[in-house]
Amino acid sequence: MTDDIKKGRQADGRLTVEQPASIWTRNFSLLCLANLALYMSMHLLLPTLPIYLFEIGGDQRDVGYLMGAFTIGTIVMRLTGGWLVDSYGRKKILTLGLVMVLAVSVLYKLATDVPLMMMIRAFHGMTYGLVGTAIGTVVADSLPTARLAEGMGYFGLTTTLSMSLAPVIGFWLVGESGYPVLFLTVILLTMLSFFCSLPVRCSLPVRGTNAPISTPASYDKGIWAGILEKTALPASKVVFFPAIVHGSVFSFIALYAAERGITNIGLFFTAYALTMFFSRPISGRWTDRGGADMVILIGHLALFIGMTAIGLSRTIMGFLFAGAVLGLGYGFLFPTLQAMAVRHAPAHRRGAATGTLYVAFDLGLGLGTILWGYVAAATGYQIMFFTTLVPLALAGVIYYRDRFSRQPDHCQKQGAGPS
């Protein structure tokens, strides 16, 4: 950790250790702005497209397939995205990915039937998978190791902020001007993300050395060993199940609320995002100081309560409570698991470690959206939301079972010191 701690000498010659290196560098700030614009473009579409799909002739199962198409496309690219980032350079892949996202965003104006929309969403998912892996890796490179979870928490706030603003803006744009204006806004936000990323400079994978940023991943042990990073697998196994649940919320919450006569469901996402906004930095610092187990426990319990509250809610206040508790849960879980995934990975394998975690998340999200579409069609939305408690319970069991069979995580063995 010596690369991340500022040192000096007092007048008597004694060595002093100061605070860990700063998180808020120019590079990190630019990455946050680029990520905010990128996720704004995605979250404008996430809650509004299911309603649009019904307008062009889709049904409940098609909603599941629509969300699943995006996620499956993301997974396909995640499987090789980490290797591409490690092998060909962070900046090159990030720039290429954003150009591809921009090109696909233009195609939404052509989506006038269900099959075409499915194809566009699949391609959009592939481009997003490439960009997400690249930007996540550059962020990990830019953060001091001693404050990795805290930095990931702050970076995640850009996602949270977009989640609080974009759904409300999206529903307002659709209501006032229709879907063509919504799709135009998505294009403009993607352009903004691209321009914010241009000044970003990729730091060296090993701080204090002159090693090149792109160190080719080894395929000596096979393709899967090159694509997936084994040090990220414990965290990836856990994140898979909350991701399944995540798919149910963002795919069907608007339709479920409409069924209950609630029209201003955009406030659910605001409540969700606000609690996540405040919980991410807290959970990151707590994790860095050795409290990962407690952070994970609180996150799981909050998700369990939040999904139960959704199933029981009949008023907007019930949905707001559910959204707030879910935001707390995901705000505790995701930064901690993301830090655990990349903390022990070799510097030249951080792209693969980031990709491994994201593959697990996206796989859960994609399978979940398809699964919940069938469950909703067969049982209704309320029973579907109650069913999500099963994967949440499995996630908790897997984490605490594996805790006693894995090497202690850095954030379990020692704290990062004051911040």
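The values are calculated or read from the model by the stated rules, or taken from the named source; none is laboratory data. All values derive from a computational prediction rather than experimental measurement. Here Cβ is always computed from backbone atoms with ideal geometry, including for glycine, and neighbour counts include all displayed protein chains.
Annotations for the structure displayed:
- Filter result for LEU394 (under 15 Å from the mean Cα position of the chain (by Cα) and either hydrophobic (A, V, I, L, M, F, W, C) or assigned to a helix (DSSP H, G or I) (or both)): no
- Test: residue in the stretch 134-142 that is surrounded by fewer than 23 Cβ atoms within 10 Å (Cβ to Cβ), touching a residue at least 24 places away in the same chain (Cβ under 8 Å) and within 17 Å of LEU33 (Cβ to Cβ): yes
- Taken across the stretch 343-363, residues that are modelled with pLDDT under 80, in contact with a Gly (Cβ under 9 Å, 6 or more places away or on another chain), outside any helix (DSSP H, G or I) and surrounded by fewer than 19 Cβ atoms within 10 Å (Cβ to Cβ) do not occur at all.
- Within the stretch 54-71, restricting attention to residues that are modelled with pLDDT of 80 or more and in a helix (DSSP H, G or I), the residue that is surrounded by the fewest Cβ atoms within 10 Å (Cβ to Cβ) is GLU55.
- Test: residue in the stretch 266-275 that is touching a Phe, Trp or Tyr at 6+ places or on another chain (Cβ under 9 Å) and more than 13 Å from VAL325 (Cα to Cα): yes
- One residue stands out in the stretch 371-391 among those that are farther than 18 Å from LEU303 by Cα and among the β-branched types (Val, Ile, Thr): the one that is surrounded by the most Cβ atoms within 10 Å (Cβ to Cβ), namely VAL375.
- GLY323 fulfils the conditions (1) farther than 18 Å from LEU392 by Cα; (2) surrounded by 18 or more Cβ atoms within 10 Å (Cβ to Cβ) except for a single criterion, (1).
Residue by residue, here is whether (1) among the small types (Gly, Ala, Ser); (2) at positive phi; (3) out of contact with any Ser or Thr (no Cβ under 7 Å at 6 or more places or on another chain) holds:
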{"position": "ASN27", "(1), (2), (3)": "no, no, no"}
{"position": "ASN35", "(1), (2), (3)": "no, no, no"}
{"position": "TYR39", "(1), (2), (3)": "no, no, no"}
{"position": "GLY73", "(1), (2), (3)": "yes, no, yes"}
{"position": "LEU98", "(1), (2), (3)": "no, no, no"}
{"position": "VAL104", "(1), (2), (3)": "no, no, no"}
{"position": "PHE123", "(1), (2), (3)": "no, no, yes"}
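- Filter pass, VAL101 being closer than 19 Å to SER197 by Cβ, of a type in the set (A, V, I, L, M) and touching a Phe, Trp or Tyr at 6+ places or on another chain (Cβ under 7 Å): yes
Every residue, every condition in (1) modelled with pLDDT of 75 or more; (2) surrounded by fewer than 24 Cβ atoms within 10 Å (Cβ to Cβ); (3) touching a helix residue (DSSP H, G or I) at 6+ places or on another chain (Cβ under 8 Å), yes or no:
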residue	(1), (2), (3)
TYR128	yes, no, yes
VAL131	yes, no, yes
VAL168	yes, yes, yes
PHE171	yes, yes, yes
ASP220	no, yes, no
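- If you go through the stretch 152-171 and keep only what is under 15 Å from THR336 (Cβ atoms) and in contact with a Ser or Thr (Cβ under 8 Å, 6 or more places away or on another chain), you end up with just GLY153.
- Among residues of the stretch 72-93 being among the basic types (Lys, Arg) and modelled with pLDDT of 80 or more, the one that is surrounded by the fewest Cβ atoms within 10 Å (Cβ to Cβ) is LYS92.
- Selection of the stretch 20-53 for residues being surrounded by fewer than 23 Cβ atoms within 10 Å (Cβ to Cβ), in a loop (DSSP other than H, G, I, E, B) and not hydroxyl-bearing (Ser, Thr, Tyr) yields ALA21, ILE23, TRP24, LEU46.
- Per the listing LEU326, LEU333, the residue uniquely under 26 Å from VAL85 (Cα atoms) and either in contact with a helix residue (DSSP H, G or I) (Cβ under 8 Å, 6 or more places away or on another chain) or not in a helix (DSSP H, G or I) (or both) is LEU333.
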